[in-house]
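First up is the structure itself, then whatever we jot down about it.
No lab work stands behind these numbers, since they all come straight from the coordinates. All of these numbers come straight from a predicted model, not from anything done at the bench. Here the Cβ is made from the backbone with ideal geometry for all residues, glycine too, and neighbour counts use every protein chain on show.
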Amino acid sequence: MPPDSPLLVFYDEDCGYCRWSVAKLLRFDRDRRLRLIAIQSPEGERLLVAIPPELRLASAHLIDSDGRLYSGGEAAAPIAAALPSLASAAPLLRQLSRPVNAGYNLIAANREKVGRLVGRSSRQRADRVIAAHQAEFLSEAQ
């Protein structure tokens, strides 16, 4: 991918908490550095071929502009580094990679329970934010 390509962020489109959390992340993406892709989509399956199918939905994933693949909490620092308003947190996230991964894994293992805390209207709002974001990328590609 070209160096100025957006980071590819893969999420579980069937998980309400996952949709809500990536929509929150998009609030920091004013320069459109992130491109969301559902893990279950044909594009997600094609781009995540290096991850066994039975493990793809275990966490979110990221492919950076160099083609490096990050999964789970490992993706936090590269995402933060790409977003100007979060860039100052990237070095700390790298230094604290073990606790970041542990926290991510705890939430991921309990995302159905955590997801119940996200109300229906919040999930619907997240779906609108994601749809608008994806529409922007489609219109730019044309």
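What about Glu13, is it in a helix (DSSP H, G or I) and without any contact (Cβ under 8 Å) to a residue 40 or more places away in the chain?
Details: in a helix (DSSP H, G or I): no; without any contact (Cβ under 8 Å) to a residue 40 or more places away in the chain: yes.
No.
With touching a strand residue (DSSP E or B) at 6+ places or on another chain (Cβ under 7 Å), closer than 14 Å to Gly16 by Cα and assigned to a helix (DSSP H, G or I) as the only criterion, which of Ile107, Ile130 stands out? Break it down into steps so the answer makes sense when it comes.
Working: Ile107 fails: touching a strand residue (DSSP E or B) at 6+ places or on another chain (Cβ under 7 Å).
Testing whether each residue is touching a strand residue (DSSP E or B) at 6+ places or on another chain (Cβ under 7 Å), closer than 14 Å to Gly16 by Cα and assigned to a helix (DSSP H, G or I) leaves just Ile130.
Do we have any residue at all in region 74-94 that's within 24 Å of Ser121 (Cα to Cα), of a type in the set (Gly, Ala, Ser) and over 12 Å from the mean Cα position of the chain (by Cα)? If you could, list the steps in order and put the result at the bottom.
Filtering region 74-94 down to residues within 24 Å of Ser121 (Cα to Cα) leaves none.
Looking for residues that are within 24 Å of Ser121 (Cα to Cα), of a type in the set (Gly, Ala, Ser) and over 12 Å from the mean Cα position of the chain (by Cα), one finds none in region 74-94, hence no.
Ile51 - would you say it is of a type outside the set (Gly, Ala, Ser) and touching an Asp or Glu at 6+ places or on another chain (Cβ under 8 Å)?
no
Starting from residues that are touching a helix residue (DSSP H, G or I) at 6+ places or on another chain (Cβ under 6 Å) and under 20 Å from Gly115 (Cβ atoms), keep the ones in region 16-35 and report whichever is surrounded by the fewest Cβ atoms within 10 Å (Cβ to Cβ). Talk me through it step by step, then tell me what you get.
As a first pass, look at region 16-35 and keep what is touching a helix residue (DSSP H, G or I) at 6+ places or on another chain (Cβ under 6 Å): 16-17, 19-20, 23, 26, 33, 35.
So of that shortlist, the ones also under 20 Å from Gly115 (Cβ atoms) come out as 16-17, 19-20, 23, 26.
Values: Gly16: 23, Tyr17: 22, Arg19: 25, Trp20: 23, Ala23: 22, Leu26: 19.
Of everything passing the filter in region 16-35, Leu26 is surrounded by the fewest Cβ atoms within 10 Å (Cβ to Cβ).
Can you report the number of residues in region 53-95 which are under 27 Å from Glu112 (Cα atoms), without any contact (Cβ under 8 Å) to a residue 12 or more places away in the chain and not hydroxyl-bearing (Ser, Thr, Tyr)?
3
On the basis of being in contact with a Leu (Cβ under 7 Å, 6 or more places away or on another chain), aliphatic (A, V, I, L, M) and more than 27 Å from Glu140 (Cβ to Cβ), does Val100 make the cut?
Against the criterion (in contact with a Leu (Cβ under 7 Å, 6 or more places away or on another chain), aliphatic (A, V, I, L, M) and more than 27 Å from Glu140 (Cβ to Cβ)), Val100 qualifies.
Give me the residue from region 38-95 that is part of a helix (DSSP H, G or I) and touching a Lys or Arg at 6+ places or on another chain (Cβ under 6 Å) and, out of that set, farthest from Ala131 (Cα to Cα).
Of the residues in region 38-95, the ones part of a helix (DSSP H, G or I) are 42-47, 53-56, 72-82, 87-95.
With touching a Lys or Arg at 6+ places or on another chain (Cβ under 6 Å) added as a condition, the list becomes 77, 82.
On the way: Ala77: 25, Ala82: 21 Å.
If we take residues in region 38-95 being part of a helix (DSSP H, G or I) and touching a Lys or Arg at 6+ places or on another chain (Cβ under 6 Å), then Ala77 is farthest from Ala131 (Cα to Cα).
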